[in-house]
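Input: a single structure, listed below in structure tokens.
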Amino acid sequence: MIRKTFIVTDETGIHARPSTILVNSVSKLDSEVKIIHDGKEVNLKSILGILSLGMEYGYEFDIVVNGSDEVNVLETLEETLLREGIAEIKN
């Protein structure tokens, strides 16, 4: 299991478009992927789950990946979050 913390950088927060991008980037991968914000944990392969977190600009969230391809999954998510301007890694 690996975990990394991110900060939302999209000025409109994580709404439908960013949620769809995230789900599409991990939907075909084997690992279990969770996103955690403010004590709530949802499946990152669920658009409605991500939307239910109501994450706005500046909010912190964790991504937890568990499975045989977890390193690849986290790298893919990091690249997607940065490239799309959705979030950045918390230092």
If the requirement is being at pLDDT 95 or above and among the basic types (K, R), which of these qualifies: K45, K40? K40
Sort through L51, L44 and tell me the only one that's more than 15 Å from L81 (Cβ to Cβ), surrounded by 15 or more Cβ atoms within 10 Å (Cβ to Cβ) and in contact with a helix residue (DSSP H, G or I) (Cβ under 8 Å, 6 or more places away or on another chain). L51
Conditions (1) touching a helix residue (DSSP H, G or I) at 6+ places or on another chain (Cβ under 9 Å); (2) β-branched (V, I, T); (3) modelled with pLDDT under 95: number failed by V71: (1)
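The values are calculated or read from the model by the stated rules, or taken from the named source; none is laboratory data. Every value quoted in this text rests on a predicted model; they were computed, and no experiment measured them. Neighbour counts run over all protein chains shown; Cβ positions are idealised from the backbone, glycine included.
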